[in-house]
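What follows is a single structure, written as structure tokens, with notes after it.
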Amino acid sequence: MVKKKFKSYIAEKNNTKTLQFVQVINELHGNYQSLSDDQLRTVFIQLREKKVRDEKFRCYLFALVKEVIWRVFQIDLHNVQLMAGWVLADGKIAEMATGEGKTIMSVLPAIWYNVLGKKVHVMTVNEYLAKRDYEQMGKVFRFLGITVGLNLSEMQLFEKKQAYMQDVTYGVCNEFGFDYLRDHIAKDRLLMVQPALQVAIVDEVDSILIDEAKTPLIISEKQKAPPDIYSVCSKLVAKMDKDKDYELDLRTNQVIFTPAAIGKLEAVLMINNLYDGEHAPIFHFLLQSLKAHVFLKKDEHYIVDEDKIQLIDPFTGRILEGRQYNDGLHQAIEAKEGLILSEENRVKATITIQKLFSLYETVVGMTGTIQVEEEEVHDLYGIEVAAIPTHKPVIREDADDQIFATKQEKYEAVLAEILASYERGQPVLVGTTSVAQSEHIADMLTKAGLPHQLLNAKTEKEEAAMIARAGEKGMITIATNMAGRGTDIVLGEGVADVGGLYVIGTEKHESRRIDRQLRGRAGRQGDPGKSKFFLSWEDELMVRFAGERTEKWKKSVKNNDLFEKIQKEVEEQNFAIRTIVFLLDSVIHDQRNLFYNHRRQVLVGEEWLETAQNHIAAYLENTLPTKDNPKVDEIIGGEYGDYYEQFELVQKEKELWRERVEKLSPLQQRQLLQLYIGLLDEGWAVHLDTIHHLKQSLHSRVYEQRDPILIFHDEAWKLYKAMEEQVREALFHSLKELWEEENDEANIMGSLAYQAI
């Protein structure tokens, strides 16, 4: 409690100080109002040329930008927007309520960082918003002569290069991450597009840093899946019964076969011991098939669209375009649904969102709700959070939750509430936690004859327009809880008189933060509004995480307290998972940086031949035997035999191959370069696959009574060193083959010349 009060005091003190700067900005703003457009641009150029970048300078800059925004949009920035812009320019995250003008505010810090000489990447939650903001906010940047670009997934290489050349580049977080990965598997420097990562301004930053933190970005290559195996495994697990054949932990989404099931499977497959190493692939297929049947539900985790599996983002309800589950899980779902199997993905490059942002010099952002995870953001990313007050008081009514015994009773009450609101003309936004739930409510409304619009993963393209209409009189909108973020719901004519927007939640999310975001859709900018959650003891949150405790707690705990208690438990569990992901990926990230630096030296470095020579020398040092080892002739071709001690042997052999590298023809050098890059990429892909299996095995190694993070750290680095050594060995033999081919050609040509004489 003391810690919380202290934090609140610091936040209040910081806001007071920031407000003082805002007052200065407003006073300075008057100096710019009488200037012409050209004079404003001249003043901006003069500001850019100043060498001092202190708080006084920032006040002048913000005052000027405020005037430009007024001239471009006829929008006068509120004090709270200036405060938020100041906070982002300080390198922090601003928590601003929905509808407070986060998008236009972000122009302030973007221009500030640009004036500091930094390339700025502004990231939104989807490409529609990125394009919208690029077009709209770009008017302010262009007014001042700041170049602005747009980075979209379908762009050609030259378009991406052009986008990244600009001072400010808009796009989606994932696409910036994929461009980073693509640059680091490029076969030619001309195929690389991304400059140094300097400043990221992230809209809906909680969605990116928290919700997406567990999901890695992956670039993979296709490998043909074995359809018969998946089909057989799917049929075997489809007949299995919970507890009898498998045990599962809903809290952690772990599932294991019972001994009885193992015996059945061994009998059917005619295998003596399914746990034997030689049967690891079939055991893996069976386990993935079981996961597909037990955990992954149609219209909740994925949809079937045109005979293809499309994954659903659990937080936004949006389709994850082009994304697949890895490690055969996607093919297991396809077998379950009776679809033609797609090719399996083999990981070529991967990075988590957490580690992507660690590559930027500065990461800032804005969102409506992040203080619940304030400590996590600070601990994992080193970023502070500042709560910005609202421009007008929030007058929304947040009603107490209403809890029912069954889902059916809950839905009947929701229908009655929607009907009552519709009859008085009050617009309703119904928030759900899944596509299946949203469609169930839509069916109820259809049967009741109530007109409505359904916004979920299947209608993503229209979501902005649909959410914008949600405030019109009598409108009923059904949406997954996170859908429509980034688009304001403006009340239609006469709606304020009937109570404003009514937000109805049909289930609590795993995170209280998401519930608060849903509530925040109503009561924008001092508008009237209302929010209420309708819950049941059969809701997934209770079934999955409360389990047997539900009956006991019904009698001893206030209902609302119970749901919040479960949410807090789940938040702690998810935080622990994200922390483990962070720690494990820290090891991989260090290796990734080493590997990518090595690869970049080869691909881009002017002295790549020297890099190759050094690695060949390292291989020789680690591999050449002593004079007593008879294998010496096999390695060095018998040139020195047993005549030298080990040190002399190594030094002479290193010098010999260094000279041979230098004597390669230009054509051979290009061949060696291509071979070198190919060897690196193959080694890294195999290493990633091995690391993945190492991660998967950690939970079964508790008997070692060692910290699993330490186990992973030690073994991962052993694997990395082994990978490096394998690349060096393959590089040496590639060079040896090139050299021998050259000598063979020289000998042939010499023989022909001799015969001609």
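The values are calculated or read from the model by the stated rules, or taken from the named source; none is laboratory data. Because the structure is a prediction, the values reported are computed rather than measured. Don't worry about glycine lacking a Cβ; one is built from the backbone with ideal geometry, like all the others, and counts go over all protein chains shown.
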* Structure fact -> Among residues of region 104-138 being within 21 Å of the chain's Cα centre (by Cα) and part of a helix (DSSP H, G or I), the residue farthest from Leu320 (Cα to Cα) is Asp133
* Tally time: how many residues in region 28-39 are free of Cβ contacts under 8 Å to residues at least 40 places away in the same chain, of a type outside the set (Gly, Ala, Ser) and part of a helix (DSSP H, G or I)? -> 6
* Only one of these is free of Cβ contacts under 8 Å to residues at least 12 places away in the same chain and not polar (S, T, N, Q): Asp497, Asp539, Asp527. Name it. => Asp497
* Asked: Out of all the residues in region 456-463, is one or more acidic (Asp, Glu), farther than 27 Å from Pro393 by Cα and at pLDDT 90 or above?
  -> no
* Asked: Do we find a residue being at pLDDT below 85 and either buried (at least 18 other Cβ atoms within 10 Å of the Cβ) or not small (Gly, Ala, Ser) (or both) anywhere in region 677-689?
  -> yes
* Output for region 141-182, where each listed residue is crowded, with 17+ Cβ neighbours inside 10 Å and of a type in the set (D, E, K, R) -> Lys160, Lys161, Asp167, Glu175, Asp179, Arg182
* Asked: For region 694-753, which residues satisfy the criterion of being at pLDDT 90 or above and basic (Lys, Arg)?
  -> Lys718, Lys721, Arg728
* Among the residues of region 584-598 satisfying the criterion of being over 11 Å from Ala716 (Cβ atoms) and either polar (S, T, N, Q) or in the same structural domain as Asp188 (by TED's automatic domain parsing) (or both), which is farthest from the chain's Cα centre (by Cα)? -> Asn597
* Residue check, Lys568 outside the structural domain of His693 (by TED's automatic domain parsing) and surrounded by fewer than 15 Cβ atoms within 10 Å (Cβ to Cβ) -> yes
* To do: List every residue pair whose Cβ atoms sit under 6 Å apart, with the two residues 6 or more apart in sequence or on different chains, where the first one lies in region 393-417 and is more than 27 Å from Asp497 (Cβ to Cβ) and the second, anywhere, is at pLDDT 95 or above and assigned to a helix (DSSP H, G or I).
  => Phe404/Lys410
* To do: Sort through Leu47, Leu35, Leu82 and tell me the only one that's under 22 Å from Ile388 (Cβ atoms) and not assigned by TED's automatic domain parsing to the domain that holds Gly529.
  => Leu82
* Structure fact -> For Gly99, the lone unmet condition from (1) outside any helix (DSSP H, G or I); (2) at pLDDT 95 or above; (3) small (Gly, Ala, Ser) is (2)
* Restricting attention to helices (runs of 4 or more DSSP H) lying wholly within region 307-383, give those where 3 or more residues are closer than 18 Å to Arg578 by Cβ. => 353-358, 374-381
* Conditions (1) surrounded by 15 or more Cβ atoms within 10 Å (Cβ to Cβ); (2) in the same structural domain as Gln517 (by TED's automatic domain parsing); (3) not basic (Lys, Arg); number of the one not met by Tyr381 -> (2)
* Just to be sure, is Ile309 in contact with an Asp or Glu (Cβ under 9 Å, 6 or more places away or on another chain), at pLDDT 80 or above, surrounded by 17 or more Cβ atoms within 10 Å (Cβ to Cβ) and within 13 Å of Ile333 (Cα to Cα)? -> yes
* To do: Would you be able to say whether some residue in region 440-450 is over 28 Å from Glu571 (Cβ atoms), within 34 Å of the chain's Cα centre (by Cα) and buried (at least 18 other Cβ atoms within 10 Å of the Cβ)?
  => yes
* Structure fact -> Just one listed residue, out of Asp188, Asp211, Asp241, Asp206, is in the same structural domain as Leu152 (by TED's automatic domain parsing), surrounded by fewer than 19 Cβ atoms within 10 Å (Cβ to Cβ), more than 24 Å from Ser342 (Cα to Cα) and not hydrophobic (A, V, I, L, M, F, W, C), and it is Asp188
* Asked: Is it the case that His330 is more than 18 Å from the chain's Cα centre (by Cα) and at pLDDT 90 or above?
  -> yes
* Exclusive hit being of a type in the set (Val, Ile, Thr), part of a helix (DSSP H, G or I) and within 30 Å of Ile691 (Cβ to Cβ), set Ile566, Ile577 -> Ile577
* Asked: Quick check: is even one residue across region 242-253 modelled with pLDDT of 90 or more, of a type outside the set (Ser, Thr, Tyr) and within 25 Å of Gln310 (Cα to Cα)?
  -> no
* Gln288 versus (1) out of contact with any Gly (no Cβ under 8 Å at 6 or more places or on another chain); (2) surrounded by 16 or more Cβ atoms within 10 Å (Cβ to Cβ); (3) on the phi < 0 side of the Ramachandran plot: which is the lone unmet condition? -> (1)
* To do: Would you mention how many residues in region 581-623 are free of Cβ contacts under 8 Å to residues at least 24 places away in the same chain, closer than 28 Å to His693 by Cβ and exposed (fewer than 15 other Cβ atoms within 10 Å of the Cβ)?
  => 2
